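What follows is a short report on a single structure.
The values are calculated or read from the model by the stated rules, or taken from the named source; none is laboratory data. Note that the coordinates shown come from a computational prediction; the quantities given were computed from them, not determined experimentally. Cβ atoms come from the backbone with ideal geometry, glycine included; neighbour counts cover every protein chain shown. Note: accessible area is taken over every heavy atom of the protein model, side chains too, but ligands, DNA and RNA are not part of it. Shrake-Rupley method; radii C 1.70, N 1.55, O 1.52, S 1.80 Å.
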Amino acid sequence: MPVSLLAPVDPALPEPVGPRRRRDWVVDIVGFLVALALGGLILADAVHSDVDPLTAQKAVVDASCGLLACLALWWRRRWPLGVALAGVLLGTFSASATIAGLIALLSLAVHRSIRPVLLVAALWVPTAFAYAIFAGRDDALSVVLLATALALAATAWGMFVRARRQLLFTLRERALRAEAEQRLHADTARMAERTLIAREMHDVLAHRISLMALHAGALEVQPDLPPAVRDTAELLRLTARQALEELRGVIGVLREEPGRESPPAAPQPSLSDIPRLIEETRRAGAKIDFEMQVDHPNAAPSMLGRDAYRIVQESLTNIGKHARGTAGRVRVTGAADSGLHVSVRNRLPVHAHGGPTLPGSGAGLLGLQERVTLAGGILVHGPDGSGDFVVDAELPW
């Protein structure tokens, strides 16, 4: 990519002067040496000319003015107009200042607008005529024509470089604008998709779960129900209500828009909520052997507690889906600076359960693997040699 594409400054504006970069040093040194060398050759040709050779005094003046013009090139970036004027004025008494003056004129045409460039280029005509008189040349017209052609060539070259930079700057601005518009379009499409998903979740899932909670509540208040059925109905109602709260939190995240205040997030589970999860699972009829030995669970980081809770929750869900009727065992142990160990195991079912199976995406354990990996831990799951299915996680604390 051209360097000018990376320039954040519009070439139509004066370029801010800062510390010289490596490329600037190389260009300035090369320009100084070229102006000095070619100026010396021009002076030598004028001194040893067979027609109108320069006298010793005029040669000293010519060389002094040429050296000053070459030295002035070091400040052409900061004061391009001043250096260009100095170069053309020094050219009144110096042929060796010609190359330095052309470089200054070229730099002025690159970094400034057309008006000062044409002004300096027009001054080359009278100064060339004045030099012809100073040097005692008989061919003043040819000197003026040559100087005019060189000045026009330097001006045209500099204007071409400036126009090219402006074109590249415009293309860069268009590319950035197109990229911003594409990003805005992608954000708009993503927001529309998230809104559609949130609407579908609200219209379908929230409605179904609300009906389930309503029917469970109606069943719970029936006077002739056995206590076990009433407890199950209460558990269904509480579970449906909790599911609705979590679903509203997810819908709020999906509908969150930039610049709009986010809805209050649903309370996140922690290590202290794992016993409650075990108790709810037991009330649903599962046989769970639970042991939790964690030093100061309330002091655990919120992310750690949520990860551990989700591991136990997903494992118990899998037991209910794929191994109903089998006993499970949950172990949560650990302490600060020693890590947290979460182990859930259950016997593999010998025969398939005759009841209806719950639908599943098959991505639960994959999601747990990604969650534990992001937390910097290790997750192992699968059947072991004793006939148990094991979910074992090590989380840093």
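Miscellaneous remarks
- Residue that is open to solvent by 50 Å² or more (accessible area, probe 1.4 Å), on the phi < 0 side of the Ramachandran plot and modelled with pLDDT under 75, where the choices are VAL253, VAL229: VAL253
- Among the residues of the stretch 305-315, those identified as under 16 Å from GLU370 (Cβ atoms) and among the aliphatic types (A, V, I, L, M) are ALA308, ILE311.
- Sole exception among (1) touching a Cys at 6+ places or on another chain (Cβ under 7 Å); (2) open to solvent by less than 30 Å² (accessible area, probe 1.4 Å) for LEU90, by number: (2)
- Close pairs (6 angstrom Cβ cut-off, 6 or more residues apart or separate chains): within 15 Å of HIS322 (Cα to Cα) in the stretch 274-287, loosely packed, with under 15 Cβ neighbours inside 10 Å and modelled with pLDDT of 85 or more anywhere: LYS287/ALA327
- Within the stretch 318-368, being open to solvent by 60 Å² or more (accessible area, probe 1.4 Å) and either part of a helix (DSSP H, G or I) or modelled with pLDDT of 80 or more (or both) holds for HIS322, ARG329, ASP337, SER338, ARG347, LEU348, LEU366.
- Entry remark, the stretch 126-168: residues being assigned to a helix (DSSP H, G or I) and surrounded by 15 or more Cβ atoms within 10 Å (Cβ to Cβ) number 24 in total.
- SER315 vs. criteria closer than 14 Å to SER343 by Cβ, small (Gly, Ala, Ser) and more than 36 Å from the chain's Cα centre (by Cα): yes
- Flag for LEU118 being part of a helix (DSSP H, G or I), in contact (Cβ under 8 Å) with a residue 12 or more places away in the chain and surrounded by fewer than 17 Cβ atoms within 10 Å (Cβ to Cβ): yes
- Filtered residues of the stretch 288-322 (kept if of a type in the set (Asp, Glu) and in contact with a Lys or Arg (Cβ under 8 Å, 6 or more places away or on another chain)): ASP289, GLU291, ASP307
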